[in-house]
1. Loop sites only, by DSSP: take the GluC sites (Glu not before Pro) in the chain that have at most 12 other C-beta atoms within 10 Å and name the longest stretch containing none of them.
2. With every protein chain left in place, what is the accessible area per residue of the chain in square angstrom, probe 1.4 Å?
3. Taking amide H positions as placed in the peptide plane 1.01 Å from N, state which residues far from ALA66 in sequence (5 or more) or on other chains have amide H under 5 Å from it.
4. Under a Cβ-Cβ cut-off of 10 Å, what is the net charge of the residues other than ALA170 that fall near it, where Lys and Arg count +1 and Asp and Glu count -1?
5. Check the chain and count each lysine pair with an alpha-carbon distance under 25 angstrom, considering only pairs eight or more places apart or from different chains.
6. For the chain, can you list the cysteines whose C-beta has no other cysteine C-beta under 4.7 Å from it?
7. Roughly how many percent of the accessible protein surface of segment 39-195 is carbon and sulfur, given a 1.4 Å probe and a whole-percent answer?
8. Here are some values of log10 I(q)/I(0) by the Debye sum over Cα atoms at q = 0.07, 0.09, 0.11 Å⁻¹: [x] -0.18, -0.31, -0.46; [y] -0.29, -0.45, -0.60; [z] -0.22, -0.36, -0.53. Which one was computed from this structure?
Amino acid sequence: MNQSSSFVHPQAIVETEDGGPGTRVWAFAHVMKGVRLGANCNVGEHCYIESGVVVGDDVVIKNGVALWQGVIVENRVFLGPNCVFTNDPFPRSKVLNQRLETVVREGASIGANATVLCGIEIGRYSLIGAGSVVTRDVPDFALTLGNPARLKGYVCRCGQKLRLAPGGHASCECGFAYRLDEHRLRVLAQSEVAG
């Protein structure tokens, strides 16, 4: 990692050469060799990022998060303090049975102490509530809460909870408009909003 264009705390261990400019890695974090760490990321204290993990640009990884091989984090994701990822559906001591890929799509936010089982896709701009246990895929813009996590509504790209009108339309004060089609929320183009 180019330390002239990024910040690595003296008590952090950063072994990767593939780190983007503007990224900050704080004390007691360990980023292993073979990690792809994007630009303008923030890796909090006591984080561990295992070889083979891919982290996009503008990602915030709060304190105490561990990312295991097979986890892919796209751009502008927020990983709250101590959220947990798994990497083996049948764990046994000193035996790696099967590694499943887990993908966190662009703009998603995962709350503090949430647990994400492996082999799951977290949809774009979705919001996982603090302490939730995610056992299955999460749709784009979904608000999921609980143990196991269940769909409780939808959120805007800006993070505000949306109120769906009859017909499945929703708009947010920030200017985005949406329509729910067969349990999938999609952003409407400007021409669809005006028409």
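1. Longest gap between qualifying sites, sites excluded: 18-172.
2. Value returned for the chain: 52 Å² of accessible area per residue.
3. Amide H neighbours of ALA66: TYR48, PHE85.
4. Overall, the nearby charge balance is +3.
5. Lysine pairs meeting the criterion: 5.
6. Cysteines of the chain left without a disulfide-compatible partner: CYS41, CYS47, CYS83, CYS118.
7. Answer for segment 39-195 is 50 percent, counting heavy atoms of protein chains only.
8. Label of the calculated value: [z].
The values are calculated or read from the model by the stated rules, or taken from the named source; none is laboratory data. Not measured: the values here are computed from a predicted model. With ideal geometry, Cβ positions are generated from the backbone for all residues, glycine too; neighbour counts draw on all protein chains shown. To get the accessible areas, we keep the full protein, side chains included, count just its heavy atoms, and leave off ligands, DNA and RNA. Shrake-Rupley method; radii C 1.70, N 1.55, O 1.52, S 1.80 Å.
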